[in-house]
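I have placed the structure first, in the form of structure tokens, so that the comments after it can refer back to it.
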Amino acid sequence: MQTDILDFTIKLLSKCIPVKVRKFKKSTLESLRTEGYSDFSSMINYHLTKCLKIYLNQCESSVITNITTPFNTQYYTLCISENRDEHLMIGPFLENPITGNLVYEIISNLQLSLDYAAKLKLYYQSVPSIDSAEIFEILYTINEYITKSSIPPKINNLDLSILSKQDSSYDIFTEEMNRTSMYKILEERYISEGKLLSYITKGDLNRAQAHLEKYSSSLSDINNASDSIRDTKNLLLSGNTLFRKASHMGGVPPIYLDELSRKWAKKIEHAPSFETLNNFPQEMVRSYCLLTKKHSLSQFSPTVKATFTFINLNLSSNLSVKKVANEIGLSPDHLTRLFKKETGFNIITFINKKRIDTSLELLKTTDLSIAEIGDLIGLNNTSYFYTLFKKETGMSPKQYRDSLSSK
């Protein structure tokens, strides 16, 4: 009976939060190889398996473990029963953006080929961003139900990350300040009873701006209370996290949130003065409201949302309607009709459009060859890639890249 309820809980959570929820057993992991890997996907699984095997050697029943992998992604695990070999895992997710510099540090520390850079950046775009406090509360509630006890579970941290702490502004942030108190300041000065976040969630720009003008103090007031520009930047980094969370609650896919969040983190870090930072709250609220309004998936059913997520996570693989339908748990015909009804696209058309959109970004931001880009987006047939690209943009990938260099 307990297993049935847990299975139902996992299925329910999978539809309610943008992070994978699954059960696993030590007996299953023991049979998996950890000697090496053959491709990008198996590399990610290889390192995750190594992390989980370390976790299993020290886990205890009713203990929640926060695992940070060598890729700086996070997983939360709950040891449901050590005796019955039952474990629940939620992840991967990110709390903080992974910037380009950190990608190259990870590549260096893991002694990977530079060819992995673009693949890692795409991977991080697909990993959802969520506040770890939400994950903890979910596992806390599950543990409370299983144990029939309100005694808080033990917390264990298993940090297997390999990033230099001084290279991450977010690590500095968490070391130098009381995070809870800074959230409180943000809520008091910029959110005012949660209304601002609710407006961002709805993409209601007019109300969000009016609310910000009415209830927030100017940033100069915060500057006067801060010891340094670092404190003000930390406040804005917190705001960036909260606004990202609100926009995600409004149905915006992680791939769009990651781009905007990284943009703001970079702007905040490189701002030279209090004066430069002064208008950032208004600009941030505006950008997140517009993002929500443009890219929200809130109008779609859980099934179509899950379809979007699976496609985004597996864009580089050989996707087909049958493969997507099997993952979602519907027949290909049923999923095709539902997707077309809600989005106006058939599934293959949508997949190809996402692939071309991604290739445009890679052509702009990387020096990868056209063949390498085609491989990254799941179009390793160069001729077919050229045909799709020209149909969508009116020019070939080479012509598009040449047009960028001529501007």
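The values are calculated or read from the model by the stated rules, or taken from the named source; none is laboratory data. Here the structure is a predicted model, which is why all the values come from computation and not from measurement. Using ideal geometry, Cβ is built from the backbone for each residue, glycine included, and neighbour counts are taken over all protein chains shown. Surface accessibility is based on the protein's heavy atoms, side chains included, excluding ligands, DNA and RNA. Shrake-Rupley method; radii C 1.70, N 1.55, O 1.52, S 1.80 Å.
A few notes on this one:
- Region 321-342, residues that are open to solvent by 30 Å² or more (accessible area, probe 1.4 Å) and either touching a residue at least 24 places away in the same chain (Cβ under 8 Å) or closer than 29 Å to D39 by Cα (or both): V321, K322, K323, N326, E327, I328, G329, L330, P332, L338, E342
- Within the set S405, S396, the sole residue that is at pLDDT below 90 and either open to solvent by 30 Å² or more (accessible area, probe 1.4 Å) or out of contact with any Pro (no Cβ under 7 Å at 6 or more places or on another chain) (or both) turns out to be S405.
- Residue ID - farthest from L120 (Cα to Cα), chosen from residues in region 75-100 that are open to solvent by less than 20 Å² (accessible area, probe 1.4 Å) and of a type in the set (S, T, N, Q): S81
- For region 242-300, the set of residues classified as in a loop (DSSP other than H, G, I, E, B), modelled with pLDDT under 80 and either touching a helix residue (DSSP H, G or I) at 6+ places or on another chain (Cβ under 7 Å) or open to solvent by less than 10 Å² (accessible area, probe 1.4 Å) (or both) consists of P253, L297, listed by residue number.
- Test: residue in region 57-74 that is open to solvent by less than 30 Å² (accessible area, probe 1.4 Å) and assigned to a helix (DSSP H, G or I): no
- Hey, I356 surrounded by 18 or more Cβ atoms within 10 Å (Cβ to Cβ), within 29 Å of G203 (Cα to Cα) and without any contact (Cβ under 8 Å) to a residue 60 or more places away in the chain or not: yes
- Of the residues contained in region 308-315, one or more are found to be at pLDDT below 90 and part of a loop (DSSP other than H, G, I, E, B).
- Counting only residues that are over 27 Å from the mean Cα position of the chain (by Cα) and not aromatic (F, W, Y), region 372-403 holds 18 of them.
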